[in-house]
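Just so you know, all these numbers are worked out from the coordinates, no wet-lab data involved. Only a predicted model underlies this, so the values are computations on that prediction, with no experimental measurement involved. Note that each Cβ is placed from the backbone with ideal geometry, even for glycine, and that neighbours are counted across all protein chains shown.
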Amino acid sequence: MTRFFCIVAVLTLLIVPASITAQSSAYLKAAAERSRLSEKSFNSRVCDHKNDAVAARVLREYGAVFVASEEILVPAKCVFENGTAVTEFQSRTKLASQRFGATQITLQAGAMDALNAAIKDATAAGLKITPRGGSIGGLRSYEDTVRLWNSRFNPALAYWEGRGKIAKADADAAKKLTAYEQVPLVLKWEQSGYWFSTGFSRTILSSVAAPGTSQHLFGLALDVTEFANPRARAILNKRGWFQTVADDTPHFTYLGRAEEDLPKYGLILVERNSYKFWIPAKQ
Ligand SMILES: [Zn+2]
C-alpha cells in the first residue's frame, strides 16, 4: 500500500506541474492573441512578466482582463506608469456613465450593457445589484489609485518603522519615491513578512491594486454591494461578470465570456469560502 501511495505521489508531482504549465501557456497564448500580438511581443510590449517582478505579479493577480471578449478594449500595458498613460487609454475606450441611486458609475459601454442586463435579471428574481463605495466602485483615475495606494502604504510604513522592522532612513527614502517606484519596494518588504494591507496581515495587492494596474482604470471592474449573495453572483456570472482577483470579494471584472469557456483562455478556478475566483494560472 505504502509503495502504491509513493507511486501516486510521484505521479502527482510529475503530472501537476505539467498541467499547470499547459494551463499557463494557454493563458499567455490567449492573452497575446486577444491583443493581436505574438506571445513574444505580448511579453515585451504589454507585460514583461519574465524580467519584471511587478509585471509578473500584476499579470498573475489581475491578468484575467487580458482575455476579455473582443467587444471591449483591453489595455496595451499591464502597468501604466503615470496619469498621462491612463488618460490616453481611457480616451480611446467607449465609455458609458449611468446613475445608480445617488452614485454615478462609468464603465466601458459593453460592460455597462451587461451590468444592466444583470440588474434586470436580479430585479426579476427579487434581488438587487448595486455599486459599492461610491463612484470609485466603477471607473477610476490614476490619481484615485494613487490615493488608495497611499491609504495602505503610509500607515503600514509607519507601523513597520515603529516596530523597528524598517529603518527610518529607508522609510524616509521610500516616501520620496513615486507610487510606481514604491511598488517593487513594498513587494520586497512583504517577502520578509512586513505586510502592507489594512491590518498588516496580507499583501497590499489583496487590499488595493498597485497604482496604474487596477482593472478599475480600464472601465472593466465594478465593486458590488451584494457580493456575499450567491444568487446575485450567479446572475453576474451569467452576464460575463466574474470575480477575478483572489480574496477581493466585492470586486467583479467584466470578461464578457461564458463561464464554461474561461478555461479555454487559460483561466483557472480557485474556490475559497464558497467564492469562485477565475484567475490566470501562474506564468
Ligand atoms: Zn474593485
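A few points about this structure:
- Straight Cα distances below 16 angstrom link K175 to the aspartates and glutamates E161, with same-chain residues fewer than 8 positions distant left out.
- For the cross-link pairs K29/K276; K50/K238; K77/K282; K120/K282, the ones whose C-alpha atoms lie over 28 Å apart are K50/K238; K120/K282.
- Rounded Å value of the spacing that divides the Cα centres of the stretch 207-283 and the stretch 23-86: 16
- Here the Karplus curve 6.51 cos²θ - 1.76 cosθ + 1.60, taken at θ = phi - 60°, turns the phi angles of the stretch 168-176 into couplings of 4, 4, 5, 5, 4, 5, 5, 5, 7 Hz, with x standing for Gly and Pro.
- The stretch 143-206 has equivalent-ellipsoid semi-axes of 16, 14, 10 Å, by the square roots of 5 times the alpha carbon gyration tensor eigenvalues, sorted largest first.
- Around P131: net Lys/Arg minus Asp/Glu count, Cβ-Cβ under 14 Å: +2
- Calculated P(r) tail over 18 Å for the stretch 167-283, as whole % of Cα pairs: 59
- nm² value of the averaged projected area, convex hull over the Cα atoms of the chain: 17.7
- Only DSSP H runs of four or more residues enter the estimate; each adds -39500 (n - 2.57), and after division by the residues of the chain the mean residue ellipticity at 222 nm equals -14000 deg cm²/dmol.
- Calculated from backbone phi, Karplus (6.51, -1.76, 1.60) coupling profile of the stretch 261-273 in Hz, x at Gly/Pro: 8, 4, x, 4, 8, x, 8, 10, 8, 10, 9, 9, 6
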